[in-house]
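Let me begin by presenting the structure, written as structure tokens, before commenting on it.
The values are calculated or read from the model by the stated rules, or taken from the named source; none is laboratory data. These numbers were taken from a predicted model, which means no experiment stands behind them. Cβ placement follows ideal geometry from the backbone for every residue including glycine, while neighbour counts extend to all protein chains displayed.
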Amino acid sequence: MAVKGAVLGDILGSQYEFHRPKNLDWKNCPLISGLPIGFTDDTVMTLAIKKALTEGKDIVETMVEEGRKYPDCGYGETFYGWIMGKDHSPYNSWGNGSAMRTAYIGEAFDDLEMMQKKAMEVAAVSHNHPEGIKGAVVTSTCIWMARHDKSRQEIYEYVLEQYPNFKYSIGYSLDEMRPRYKWDVSSQGSVPAAMRCFYESTDYESFIRNIYSLPCDSDTFGAIAGGVAEEFYHGFGNVDAEKILKEYLTEELLEILEL
């Protein structure tokens, strides 16, 4: 389930979103560090979309309904206003929020064209800037490709084609990125770099550790590429995903996860 991979990536990445030590031993540190950890808005919105599509409910109404249950889960200022206010019109966002919530779309549709149209539709309810929409489409497509047994190299080439000339292109190795990466909440600053973390991985755990190696929006990187890693590796390897999910999710969110 790509959704489980995305939610687990969000939870594990949340430790280092704002509290990452400068000299973190990312290769050997425990996966759960003792720093504050838990699900964030990435999980809430991912599961809201799953609930809406699974139960045939309105996307915006479900996002607002679920989002208001968790007012302190880390929304950006503008999106918080979108959730909590009366106006739920799209606001031309190019942020990575559209990419972090799209895992279920990549998982749920077998037809590529239909899947991409749904990703565009769900992104555009808030993130209707072209880069916001692209982030959702690229993320969903990478999940779809992993589900349909496309190779690591094919996924890499697709992302490179979509983001060919950006400073955090998937074409740069993590060794090249680490000294110069700056925390970036844009779709174009997050999606290709998150996918590079997948590209250089050998299993789900090494994917997470690659995220830990960058001073990045780590929970969102986990949510963006976690579904790709889970689908590509057909599970979580030595990471006890079920235990972590049960420990850190509410009963209500677990129920949606298992729909």
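Brief remarks follow.
- Checking each residue in the stretch 27-58 for being over 29 Å from ASP203 (Cβ atoms), of a type in the set (A, V, I, L, M) and surrounded by fewer than 16 Cβ atoms within 10 Å (Cβ to Cβ) picks out no residue at all.
- Some residue of the stretch 126-144 being more than 30 Å from GLU77 (Cβ to Cβ) and assigned to a helix (DSSP H, G or I): yes
- Among the residues examined, ALA2 qualifies as of a type in the set (Gly, Ala, Ser) and buried (at least 24 other Cβ atoms within 10 Å of the Cβ).
Conditions (1) within 13 Å of VAL7 (Cβ to Cβ); (2) surrounded by fewer than 23 Cβ atoms within 10 Å (Cβ to Cβ), marked per residue:
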site: SER206; (1), (2): no, yes
site: SER213; (1), (2): no, yes
site: ASP217; (1), (2): no, no
site: ILE224; (1), (2): yes, no
site: VAL228; (1), (2): no, no
site: GLU231; (1), (2): no, no
site: PHE236; (1), (2): yes, yes
site: ASP240; (1), (2): no, yes
site: LEU249; (1), (2): yes, yes
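- Annotation: MET100 fulfils all but one of (1) in contact with a Ser or Thr (Cβ under 6 Å, 6 or more places away or on another chain); (2) surrounded by fewer than 17 Cβ atoms within 10 Å (Cβ to Cβ); the unmet one is (2).
- Qualifying residue in the stretch 92-114 (condition: of a type in the set (S, T, N, Q), under 26 Å from GLU247 (Cβ atoms) and modelled with pLDDT under 95): no
- One residue from GLY76, GLY135 being under 30 Å from SER201 (Cα atoms) and either without any contact (Cβ under 8 Å) to a residue 24 or more places away in the chain or surrounded by fewer than 20 Cβ atoms within 10 Å (Cβ to Cβ) (or both): GLY76
- Candidates SER14, SER98, SER89, SER33: the one that is part of a loop (DSSP other than H, G, I, E, B), in contact with a helix residue (DSSP H, G or I) (Cβ under 7 Å, 6 or more places away or on another chain) and of a type outside the set (A, V, I, L, M, F, W, C) is SER33.
- Of the residues making up the stretch 166-188, those that are among the small types (Gly, Ala, Ser) and touching a residue at least 40 places away in the same chain (Cβ under 8 Å) are SER186, SER187.
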